[in-house]
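The values are calculated or read from the model by the stated rules, or taken from the named source; none is laboratory data. All values reported here derive from a predicted model rather than from experimental measurement. FYI the Cβ positions are ideal-geometry reconstructions off the backbone, even for glycines, and counts take in every protein chain you see. What goes into the accessible areas is simple: the full protein's heavy atoms, side chains included, and nothing from ligands, DNA or RNA. Shrake-Rupley method; radii C 1.70, N 1.55, O 1.52, S 1.80 Å.
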Amino acid sequence: MYVPPSRGGGGGVAAGGEQPRVYQVWRGSNEFFLQGRFIFGPDVRSLFLTIFLILAPVLVFCIFVARHLINDFPDHWGVSVMVVVVVFTIYDLALLLLTSGRDPGIVPRNTHPPEPESIDGGSDMGNGQTPQQLRLPRTKDVFVNGVIVKVKYCDTCMLYRPPRCSHCSICNNCVERFDHHCPWVGQCIGRRNYRFFYMFVFSTTLLCLYVFGFCWVYIVKIRDAENSTIWKAMLKTPASIVLIIYCFICVWFVGGLSVFHFYLMSTNQTTYENFRYRYDRRANPYNRGMVNNFLEIFCTAIPPSKNNFRARVPVDQGSQQTRTPARGFMSPNMGKPVGDLELGRKPISWDEPRSAADIRDLEVGLGGLLDEKEGRIAHASPDLSLPLELVEGRAGMHSRRSSWGHRSGTSESMDSIAVQMGTEANWGSISSGHGTTSSTH
């Protein structure tokens, strides 16, 4: 597992003069294994719990139930009980790995925001606006099957998200056809692994039903062999009782999840869309009919990953990752509370930067506004949620505090530097005067 190095010095160059690989400087929260061949979410440790919850009951079933059923069926059919459960468990774990260890459909983030001219198809410079006044729109309208769909700008990835794409706050990536982040598999569920996710959930449901059913078969055979009641037969095999209770509880979870996602696939929805947009109240532009919806999920080719995690980072891109380029525009969220309501984050005021990186971004975005009047920010961000008087007051404070006030000791250090420079200038003038005097003499 690789821990990404700090983005401080070194320009992103690995030891030996080689450029680092993409997974080594990845900005998301993912964990990589086998030098970038497998990509997991930051909660990959929960995957071991899921594997244990599958393997433990299967081992108990093989030792205490299936082993005794081998000789209870004619023509050696009892062996198939053991073989089927072992093969099906391996198949289930393989689906789990395919779901958890692959790129779910991450959209590569931009190294810098898009140019405002490329958004509107023309420059606003002719209207008398300076580059500092250009502001990217928060949303854009695109047509999907004749229906207008709004796509949002992602401040983290610096791009307009494609339709059905959303930013996962856990993995810190924009994912195509984002369904949800599953903590049980430790990965986002998106366009490239949704098929395997549903197959895993459904196969786990079938595995629970298989173990549940053959535990009852073993109890019935004990009852018939001893001519006793079902209760006495159950006392003869406590492992079967434990497995029956365990599978009964689990099947409600994985079985209910299988039914829910069956409904989502039949209507071509994602979990995110179902809970957020409620397509039962308006038209779903992605619904192509039940048959075509299932064919789209299971019979279409999985698109290749847009990220080559093992590739070398280009020199120009590696240098760009270590610095924030200056751009003459304002973010779509400028003047709004920072935080994405889609992700469930608590919005914070935009004059309270979340990290040093945000401070640098604010310095770049507001650098050209330091000499402007305080009302300019209110004009550049008309969608402020605060009263105009409060905005003007806070904008004035922010335009000055964001560059200097938020850095510890910066104001004092600037004063000391100014004093030092003045002192040096005085000494220079004195020494210059002294030299002139000496030459005169």
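Things worth noting here:
- Residue in region 266-276 that is within 23 Å of the chain's Cα centre (by Cα) and open to solvent by 70 Å² or more (accessible area, probe 1.4 Å) present: yes
- Of all residues making up region 67-90, the number that are in contact (Cβ under 8 Å) with a residue 40 or more places away in the chain, within 42 Å of the chain's Cα centre (by Cα) and surrounded by 15 or more Cβ atoms within 10 Å (Cβ to Cβ): 4
- Leading residue by the ranking (nearest to the chain's Cα centre (by Cα)) among those in region 200-216 that are open to solvent by less than 50 Å² (accessible area, probe 1.4 Å) and of a type in the set (A, V, I, L, M): VAL201
- Residues in region 237-251 that are modelled with pLDDT of 95 or more and open to solvent by 80 Å² or more (accessible area, probe 1.4 Å): 4 in all.
- Residues in region 277-293 that are open to solvent by 40 Å² or more (accessible area, probe 1.4 Å) and over 22 Å from CYS188 (Cβ atoms): ARG278, ASP280, ARG281, ARG282, ALA283, ASN287, ARG288, MET290, VAL291, ASN292.
- Residue within region 278-290 that is among the acidic types (Asp, Glu) and modelled with pLDDT under 90 present: yes
- Which numbered condition ARG138 fails, given (1) closer than 26 Å to ASN287 by Cβ; (2) in contact (Cβ under 8 Å) with a residue 40 or more places away in the chain; (3) charged (D, E, K, R): (1)
- For region 176-199, a tally of residues being under 15 Å from the mean Cα position of the chain (by Cα) and part of a loop (DSSP other than H, G, I, E, B) returns 11.
- Test: THR50 is more than 29 Å from ILE219 (Cα to Cα), in contact with a helix residue (DSSP H, G or I) (Cβ under 7 Å, 6 or more places away or on another chain) and among the β-branched types (Val, Ile, Thr): no
- Filtered residue count, region 135-179, keeping only those that are open to solvent by less than 50 Å² (accessible area, probe 1.4 Å), at positive phi and not charged (D, E, K, R): 2
- Output for region 225-240, where each listed residue is under 16 Å from ALA66 (Cα atoms) and either in contact (Cβ under 8 Å) with a residue 60 or more places away in the chain or out of contact with any helix residue (DSSP H, G or I) (no Cβ under 7 Å at 6 or more places or on another chain) (or both): THR237, PRO238, ALA239, SER240
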